[in-house]
Amino acid sequence: MNSYRSAIFTLMMYTLMMIVVTGCWNSKELNEISVVMAMGIDTVDDQYEISLQVVDPSQMSRNRAMERTPTIVFSSRANTLFEALRKLTTESSRKMYLSHLKFVIFGEETAKKGIKEPLDFLFRDHEVRPDFHLAVVRGSSAKEAVTFVAPTEVLPAMDMYKALNVSEKTWAPTSAVNVKDILQRLTKEGIEPVLTGIRLHNLEKGLSTDNVTKSPQHVNYSFTGIGVFQGDRLIGWMDESKSKAFTYISNRVSSTVASISCPNQKGTFAFEVIRNKVKIVPHIQNHEPHITLVVDTEANIGEVECKADFMDETTFNNFQEAARKEQEKILKEGIRNAQQIGSDIFGFGEVFHQKFPHEWHEWKADWKQKFQTLEVNLDLRYHLNRLGKITNPMDSDSHN
């Protein structure tokens with residue numbers, strides 16, 4: 001009797017499992033979809049022009065010669081991104097699949113008009129994963145930015161995605177901004193968004209496989225400067241030297257290199273920043289906001305093109321002070337540039353919002369004006385290490 005009940009129970013369990021474990025209800029076959037790696041968004045005649053960089057599966061094999069470009073670009077125009085995306089079904093037999101999207105690039109005019117509407121679609125669509133990067137192309141269209149053939153990676157979007165990640169970690173002027181960053185900055189008070197800039201060089205010669213089958217390559221790109229926003233609209237640019245201040249103050253610098261003139265003599269001196277930590281300290285004086293930046297920086301000596309005895313304490317301190325003053329100059333010029341543009345990209349207002357909510361309630365309506373005249377003091381604590389296989393420069397009189 002017990003074995004009979006056990007058999008009935010087992011049968012019922014198997015039947016229940018067959019009902020609930022039915023596989024992926026919304027699965028898609030690979031031969032029915034086109035995997036989108038990058039999206040370009042331009043504005044043409046008051047409509048959005050969407051350009052999608054799609055993987056060409058037939059060209060992805062490493063064992064075959066490249067007969068054509070490894071990606072296909074589809075474009076369409078409509079009043080909304082959603083409509084433009086659906087219109088692409090008239091050009092492709094496959095549905096556009098956005099789950100592997102790595103890069104979204106805005107044309108400069110689109111960014112100036114506002115990016116909130118395009119982002120609404122990307123935030124809302126259930127297929128889009130919130131891990132892609134965003135950028136603004138300068139001097140070219142977003143369509144052109146997703147069309148060229150990259151020399152390093154098979155897929156151009158992956159080339160840009162990886163390059164931006166590497167550049168942010170090793171070069172201070174570059175800042176990788178993903179969709180989570182932009183969403184947080186758009187929804188918080190007292191902090192404005194930024195997007196990195198891209199420039200394309202010699203584009204007219206790089207729209208074919210010649211760009212990867214011949215050396216040197218024709219077209220290349222570079223990440224340059226950051227676009228400064230007010231709300232969701234692009235209002236200005238900070239060039240490479242000024243954008244360093246943003247990455248320093250927002251604690252995005254893990255490593256970078258800079259060079260300055262050697263103190264009291266000809267030649268240059270390069271150093272590598274290996275650690276940087278900035279603490280934003282808000283305070284109120286005479287009912288007005290003030291900021292103090294406490295900056296802790298550690299750097300290594302990288303290259304010296306002048307005669308210097310680093311075993312001499314006075315000489316070493318002079319070089320350390322020169323490096324400290326260079327960082328002070330970078331921070332002051334970057335802050336002044338952002339104040340002139342009128343956008344609090346550093347989040348000073350957010351810090352006041354958190355620590356002095358009552359005063360922030362009074363200031364937030366005209367925070368742009370207060371930010372432009374905000375007094376920012378620097379407390380720099382700079383430490384230069386004597387590291388390397390040699391202590392003194394190669395052309396100095398003594399080596400260690």
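The values are calculated or read from the model by the stated rules, or taken from the named source; none is laboratory data. On a predicted model such as this, the values are computed, not experimentally measured, just so you know. When we count neighbours, we look across all protein chains shown, and the Cβ atoms used for this are built from the backbone with ideal geometry, even at glycine. The accessibility values were calculated without ligands, DNA or RNA, using every heavy atom of the protein model including side chains. Shrake-Rupley method; radii C 1.70, N 1.55, O 1.52, S 1.80 Å.
Taking the residues in segment 223-270 that are aromatic (F, W, Y) and touching a Phe, Trp or Tyr at 6+ places or on another chain (Cβ under 9 Å) as candidates, determine which candidate is farthest from T187 (Cα to Cα).
Our first condition is that a residue be aromatic (F, W, Y); within segment 223-270, this holds for 223, 229, 237, 246, 248, 269.
Adding the requirement that they be touching a Phe, Trp or Tyr at 6+ places or on another chain (Cβ under 9 Å) leaves 223, 246, 269.
Working: F223: 26, F246: 19, F269: 43 Å.
Taking the candidates together, the pick is F269.
If a residue must be among the polar types (S, T, N, Q) and either closer than 20 Å to P118 by Cβ or modelled with pLDDT of 65 or more (or both), how many such residues does segment 27-44 contain? Before you say what the answer is, go through the steps one by one.
Restricting attention to segment 27-44, the residues satisfying the condition of being among the polar types (S, T, N, Q) are 27, 31, 34, 43.
Restricting the remaining residues to those that are either closer than 20 Å to P118 by Cβ or modelled with pLDDT of 65 or more (or both) gives 34, 43.
Number satisfying all stated conditions: 2.
Being modelled with pLDDT under 90 and open to solvent by 90 Å² or more (accessible area, probe 1.4 Å) is the filter here; which residues of segment 46-83 pass it?
Passing the criteria: D46, R62, N63, R64, E67, R68, F82.
Find all pairs meeting these conditions: Cβ atoms under 6 angstrom apart; at least six residues apart or on different chains; first residue within segment 154-171 and more than 16 Å from G197 (Cα to Cα); second residue modelled with pLDDT of 80 or more and of a type in the set (A, V, I, L, M, F, W, C).
Listed by first residue and then by second, the contacts come to L155/M37.
Scan segment 224-262 for residues that are in a strand (DSSP E or B) and farther than 24 Å from R381 by Cα and report the count.
Matching residues across segment 224-262 total 13.
Looking at H201 and the list (1) touching a strand residue (DSSP E or B) at 6+ places or on another chain (Cβ under 7 Å); (2) at pLDDT below 90; (3) on the phi > 0 side of the Ramachandran plot, which single condition is not satisfied?
Failing condition for H201: (3).
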